[in-house]
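Working notes, structure below.
The values are calculated or read from the model by the stated rules, or taken from the named source; none is laboratory data. Keep in mind it's a predicted model, so treat the numbers as computed, not measured. Counting neighbours? That spans all protein chains shown, and the Cβs are built from the backbone with ideal geometry, glycine included.
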Amino acid sequence: MPNVVDAMTERLLADAGLRTGMRVLNVGCGSGFVSLMAARLVGESGQVLGIDRSAAPLKTAEELAAREGLSNTRFERRDLADAGGAGEFDAVIGRRVLLYQPDPVKAIRQAIAPLRRGGIAVFQEHDATPLSPWQVPLPLHQQAHQWLWDTVTREGANMHMGYELAGTVSKAGLTLQHVRAEAIVQTPEISYPTHEIVRAVLPRIVQESIATEEQVDIDTLGDRLREERVRTGATYLGELVFGVWGTK
Ligand SMILES: C[S@@+](CC[C@H](N)C(=O)[O-])C[C@H]1O[C@@H](n2cnc3c(N)ncnc32)[C@H](O)[C@@H]1O
């Protein structure tokens, strides 16, 4: 996960009020990056439980937590539908997990089942609604993002979960306290590793017949993206990252 998005997540968690001593449940924790951020915020007197339905990323999460020597963080293989049996928490947090839920309102209700009354729920989701380049067209940037969004959409994800996030949180019965949207911005000097994300997703892009390996030409994609920004001098807004928190 690129650092610019991690920085957004860290700010969101801190602004939402995660602090020393809290018990935090991270739903759909994946490889544990968000769990580790929470662990640093709650300190040794707090606790973090990361849950995910997939075994492979949990192994990475455990290794990362061990490497940081975090004794307040543990991980369990568990669907968020089973969150209710996981204990009682002061905060429930989730990043890029609601987009995969067929019924995100129900998923939030399940995720916050173990949240104490007055506790905080924090969610962060991306949105692929195109942000038109203002200065000049940037066709390769738009194409690269479209490959990613089309692939994830074809796999059943809702790439407009960001715009739907605030409404979904309210429908799930939380009292919405805050909503924000930040953009992933690139300039000739400041890049975002779009080509590395495309590289990681390439087998799925090809499998879903979104593009061929020849069309993507992954080994030159990073250079071609940079060349497009340098040649035009343009600023590109790739996607919006929405953050919300609400109370139970
Ligand atoms: C895009 S990854 C995000 C991982 C992590 N939250 C992050 O931002 O680094 C989505 C994760 O959600 C998990 N997931 C999706 N639906 C889930 C569910 N119903 N219960 C538990 N985990 C789920 C997937 O297994 C995957 O690890």
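Yes/no per residue for (1) polar (S, T, N, Q); (2) touching a residue at least 60 places away in the same chain (Cβ under 8 Å); (3) within 15 Å of the ligand (Cβ to nearest atom):
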residue: Val27; (1), (2), (3): no, yes, yes
residue: Val34; (1), (2), (3): no, yes, yes
residue: Gln47; (1), (2), (3): yes, no, no
residue: Arg53; (1), (2), (3): no, no, yes
residue: Leu58; (1), (2), (3): no, no, yes
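If you check every pair at least six apart or on different chains, which have Cβ atoms under 8 Å apart with a residue in the range 122-143 that is within 12 Å of Gly238 (Cβ to Cβ) first and a residue that is of a type in the set (Phe, Trp, Tyr) second?
His126/Phe242; Asp127/Tyr163; Asp127/Phe242; Ala128/Trp149; Thr129/Tyr163; Pro133/Tyr236; Leu138/Tyr236; His141/Tyr236
Give the range 43-59 a look and list any residue that's hydrophobic (A, V, I, L, M, F, W, C) and part of a helix (DSSP H, G or I), or say none. Can you show your working first?
First, the residues of the range 43-59 that are hydrophobic (A, V, I, L, M, F, W, C): 48-49, 51, 55-56, 58.
Across the range 43-59, the qualifying residues are Ala55, Ala56, Leu58.
Please count how many residues of the range 8-42 are in a loop (DSSP other than H, G, I, E, B), of a type outside the set (A, V, I, L, M, F, W, C) and within 12 Å of the chain's Cα centre (by Cα).
Taking the range 8-42 and keeping what is in a loop (DSSP other than H, G, I, E, B), we get 17-22, 28-32.
Subsequent filtering for residues that are of a type outside the set (A, V, I, L, M, F, W, C) retains 17, 19-21, 28, 30-32.
Filter again for within 12 Å of the chain's Cα centre (by Cα), leaving 28, 30-32.
Counting residues in the range 8-42 that are in a loop (DSSP other than H, G, I, E, B), of a type outside the set (A, V, I, L, M, F, W, C) and within 12 Å of the chain's Cα centre (by Cα) gives 4.
Just to be sure before I move on: is Asn3 modelled with pLDDT under 95 and polar (S, T, N, Q) in the structure I sent? Before you say what the answer is, go through the steps one by one.
On the way: modelled with pLDDT under 95: yes; polar (S, T, N, Q): yes.
Criteria met by Asn3.
I need the helices (runs of 4 or more DSSP H) fully contained in the range 77-188, keeping only those with at least 1 residues that are away from the ligand (no atom under 15 Å from the Cβ).
On the way: elements: 104-111, 139-154, 161-171.
Correct list: 139-154, 161-171.
Being aliphatic (A, V, I, L, M) and either surrounded by fewer than 19 Cβ atoms within 10 Å (Cβ to Cβ) or within 12 Å of the ligand (Cβ to nearest atom) (or both) is the filter here, so list the residues in the range 14-25 that pass it. It would help to see each step written out before you state the result.
Looking only at the range 14-25, we keep the residues that are aliphatic (A, V, I, L, M), and these are 14, 16, 18, 22, 24-25.
Once the filter is applied, which keeps residues that are aliphatic (A, V, I, L, M) and either surrounded by fewer than 19 Cβ atoms within 10 Å (Cβ to Cβ) or within 12 Å of the ligand (Cβ to nearest atom) (or both), the range 14-25 yields Ala14, Leu25.
Output the residue which, of all residues in the range 60-76 that are surrounded by fewer than 17 Cβ atoms within 10 Å (Cβ to Cβ) and among the polar types (S, T, N, Q), is farthest from the ligand (Cβ to nearest atom).
Step by step, filter the range 60-76, then rank; the result is Ser71.
Can you tell which of Ile210, Ile184, Ile205 is under 16 Å from Phe242 (Cβ atoms) and β-branched (Val, Ile, Thr)? Please lay out each step first, then the result.
Working: Ile210 fails: under 16 Å from Phe242 (Cβ atoms); Ile205 fails: under 16 Å from Phe242 (Cβ atoms).
The conditions single out Ile184.
Quick one: is Ala107 buried (at least 20 other Cβ atoms within 10 Å of the Cβ) and under 21 Å from Gln177 (Cα atoms)?
Details: buried (at least 20 other Cβ atoms within 10 Å of the Cβ): yes; under 21 Å from Gln177 (Cα atoms): yes.
It is true that Ala107 is buried (at least 20 other Cβ atoms within 10 Å of the Cβ) and under 21 Å from Gln177 (Cα atoms).
Among the residues of the range 117-125, is there at least one that is more than 23 Å from Arg78 (Cβ to Cβ), surrounded by fewer than 17 Cβ atoms within 10 Å (Cβ to Cβ) and out of contact with any His (no Cβ under 9 Å at 6 or more places or on another chain)? Walk me through it before giving the result.
Quick first cut of the range 117-125, residues more than 23 Å from Arg78 (Cβ to Cβ) only: 118.
Add one more test, that the residue is surrounded by fewer than 17 Cβ atoms within 10 Å (Cβ to Cβ), and what stays is 118.
Filter again for out of contact with any His (no Cβ under 9 Å at 6 or more places or on another chain), leaving 118.
Checked the range 117-125: at least one residue is more than 23 Å from Arg78 (Cβ to Cβ), surrounded by fewer than 17 Cβ atoms within 10 Å (Cβ to Cβ) and out of contact with any His (no Cβ under 9 Å at 6 or more places or on another chain).
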